[in-house]
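Every number in this text was worked out from the coordinates using simple rules, so none of it is lab data. The structure displayed is predicted, hence computed values, not measured ones. We place every Cβ from the backbone using ideal geometry, glycine too, and count neighbours over all the protein chains shown.
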Amino acid sequence: MTTETPEIPPETPPEVPVDETTSWRGLAEVDADEAAERMTAGTLGGGSKRLLRELLAPYKRAIQVLIGIVVLENAARLAIPYLVKEGIDTGIPPIREHDDLEPLLVIVGIVLVATITQALARQLFLVRSGQIGQDILFEIRRRVFRHFQALSPAFHDGYTSGRVISRQTSDVDAIYEMLETGFDGLVTAALTLVGTAGLLLFLDVKLGLVALTCGPFLAWLTMWFRRESAKSYKVTREKVALVIVHFVESMGGIRAVQAFRREPRNQEIFDDVNDQYRRANLVAFRLVAWFMPGIRLIGNVTIGVVLLYGGYRAYHGDVTVGVLAAFLLYLRQFFEPMMEISQFYNTFQSASAALDKLAGVLDEEPSVPEPTDPVELSGGVGGELRFDHVAFEYVAGRPVLPDLDLTVPAGQTLALVGTTGAGKTTLAKLATRFYDPTAGRVLLDGTDLRDLRTDDLRDAVVMVTQENYLFSGTIADNIRFGRPDATFDEVVAATTALGAHDFISAMPDGYDTDVANSGGRLSAGQRQLVAFARAFLADPAVLILDEATSSLDVPSERLVQQALRTVLAGRTAVIIAHRLSTVEIADRVLVMEHGRIVEDGAPADLVAGGGGRYSELHEAWLESLA
Ligand SMILES: Nc1ncnc2c1ncn2[C@@H]1O[C@H](COP(=O)(O)OP(=O)(O)O)[C@@H](O)[C@H]1O
Ligand SMILES: [Mg+2]
């Protein structure tokens, strides 16, 4: 196949920027490799087996009943050709001999009963299995949500929201498909195969053996299909992942794409991955296009052979016409489930991959566990924060904080400055116990954070970052987020203190404006003010602001600045800031470089001392103002 688009080798993913903000990338997560290994083997991994067993455990009884129902349904279905044989062989002669219609009527009556049984069993099966399936899916979604909420921030740093979303949506859908069609299809196929083979041999051994010579051909074709479709499934998954990644990232970064006129190049890449996906799908279709008619061909040849041999023997009176008719009817239904298995196989593959991923997530343990023996912070929280020879690394062997020893006395306002990547955010994350230190201890009022209940810790230490997430709901609800019982007056007091009251009052519905509506859209700076108000209202003993004022414009920042004096009074504060204006209100300044504290002192002293990093920064800042 020739195309004009430049060939991109399949193993090279499209050139797309990868950063934390394009977290949708995970939606297309290409973890096909390890799952594919298992798919080819057609088995489930240990974790997913356990998960499946756990999920099914409450329904053991119900599933046994379901299997009983399916067996009944299939028995009724398999009885019909046999009854036809009876009708022909024992129902017709009495009519011919003495005009006695009764035996045939009895047989037709039984056929009717079998048909009705089959229909009722099917109805019952569909209703019951649907119920169980929905209950299981409900439970999966519930567990996954609970577990995601329980996992530490460290986990969420690495597990993108796109991946979280696909756990809750496409994975659950894959399992739904398996429950919906897979179980039924598999049981029916197995019963049909075994039941039909048994009945054929029972009806006539010789003719049965002739009919069953199709077995090896069927087995070979099915195995070939299974192997090839596992391969092709893996390829299509990878290709669709490329398409989604490229689509999502192009659209996610659409402003940058348009600003830099990247559209033609992106289109080119997209056309290429899209074409790869199309071709991968064609391969999959070709497999089915060989498999389905192949099965049908084997089936029809078998029917022909049976008709020939059976007809010959019937002519000689070795088998009855009824037996021959039953054979032909059985063989017709014999091959249907074989074709369905091919559909089921793909369903099973996606479901097993989904189960693997879900089991993987559910097996994750929070990396900052709750203390087994929590210490109470008696008599309120003072707010002294101490880093006792803390070392920390995200990646083993690459220390971010080599050895941090620092005490922030209760009530102190500490400003933390330093170059990007110095470790300021890391310090904040340790103080809020998003991570535990690799060595040393972080203490609040002398108690190791690891000994505090998460609830107590979150009450005492609150961090405001640049990531000012607003939840759907009103502005007031968003401010009350950490203290749902706060009164309206308290909310207004908080926003007034921060200078946010005016813009909120000016919104279409004031404090009741829904932030999800386009009329309620807030600017980055306004969102930041709401986040501030949220933190202020929560009234923590220790407040950490990580670049929290950086998306405010200068006048708003100045407002917050003034407010900060009130807000920070009586609590410990760590302010991480780029702008030195924010630092002015601090009692103490720390300058960090490469995870170490290189300067520490009152802002005025550091400037007066001269020559240091801070005084350099200060001079540069003064110049920029001039
Ligand atoms: N989740 C993470 N995994 C691995 N490394 C990280 C992670 N977060 C930060 N780092 C690294 O740790 C160092 C300090 O980062 P950070 O504390 O965010 O710096 P700052 O806030 O001072 O700019 C940087 O070198 C950064 O690359
Ligand atoms: Mg930072």
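A few notes on this one:
- As a size descriptor, the averaged projected area of the C-alpha convex hull of the range 156-211 was calculated at 5.7 nm².
- Cα long-axis angle, helix 214-252 against the chain (0 to 90 degrees, to the nearest 10): 30
- In units of the rule-of-thumb radius 2.2 N^0.38 Å, the chain shows an alpha carbon radius of gyration of 1.39.
- By DSSP, the beta bridges lying fully in the chain are antiparallel in about 55 percent of cases.
- Using alpha carbons only: equivalent-ellipsoid semi-axes of the range 42-185, gyration tensor based, whole Å: 52, 12, 11
- Proportion of all alpha-carbon pairs of the range 46-362 beyond 28 Å (%): 58
- Positive minus negative residues near L564 (Lys, Arg vs Asp, Glu; Cβ under 13 Å): +1
- Trypsin sites (Lys or Arg not before Pro) lying in DSSP loop within the range 224-284, provided at most 16 other Cβ fall within 10 Å: R261, R262
- Pairwise FRET efficiency - I585 versus D455, Cβ, R0 = 35 Å, nearest 0.05: 0.70
- Cα centroid separation, the range 262-306 to the range 369-436 (Å): 56
- V65/E376 FRET efficiency (R0 56 Å; Cβ-Cβ; nearest 0.05): 0.60
- By the Cα gyration tensor, the range 385-625 has an equivalent ellipsoid whose semi-axes, rounded to whole angstrom, run 31, 22, 15 from largest to smallest.
- For the pair A620 and R146, the difference between a 0.36 nm per residue extended length and the Cα-Cα distance amounts to 165.7 nm.
- GluC sites (Glu not before Pro) within the range 317-386, DSSP loop, no more than 10 other Cβ atoms inside 10 Å: E376
- Length released on extending from I254 to E364, taking residue separation times 0.36 nm less the Cα-Cα span: 36.2 nm
- In plain terms, the bigger the Kirkwood radius, the slower the diffusion; for the range 202-257, with that radius from Cα pairs, at 37 °C and 0.692 mPa s, Stokes-Einstein puts D at 214 µm²/s.
- With the largest listed first and rounded to whole Å, the semi-axes of the equivalent ellipsoid of the range 344-478 from the Cα gyration tensor are 34, 21, 18.
- Base-10 log of normalised Debye intensity for the range 476-579 (one unit scatterer per alpha-carbon) at q = 0.09, 0.16 Å⁻¹: -0.20, -0.66
- Net length gained if the chain between D403 and L212 were fully extended (0.36 nm per residue, minus Cα distance): 61.2 nm
- Range in the chain, longest, excluding exposed chymotrypsin sites (Phe, Trp or Tyr not before Pro) [loop by DSSP; at most 13 other beta-carbon atoms within 10 Å]: 1-259
- Lysine pair number, Cα distance threshold 29 Å (strictly under), the chain, separation 8 or more or different chains: 12
- Between the C-alpha center of the range 569-626 and that of the range 197-250 there is a gap of 69 Å.
- Per residue, the average separation of C-alpha pairs within less than 8 Å and at least 6 apart gives the chain a relative contact order of 15 percent.
- Cut-off 20 Å (backbone N to label point 7 Å along Cα→Cβ of R279), residues of the range 216-234: 228-234
- Only Lys, Arg, Asp and Glu carry charge here, each on its Cβ (+1 for the first two, -1 for the last two); on that basis the chain has a dipole of about 2080 debye about its Cα centre.
- Taking label points 7 Å from Cα along the Cα-to-Cβ direction, Q134 and S551 give a separation of 4.1 nm.
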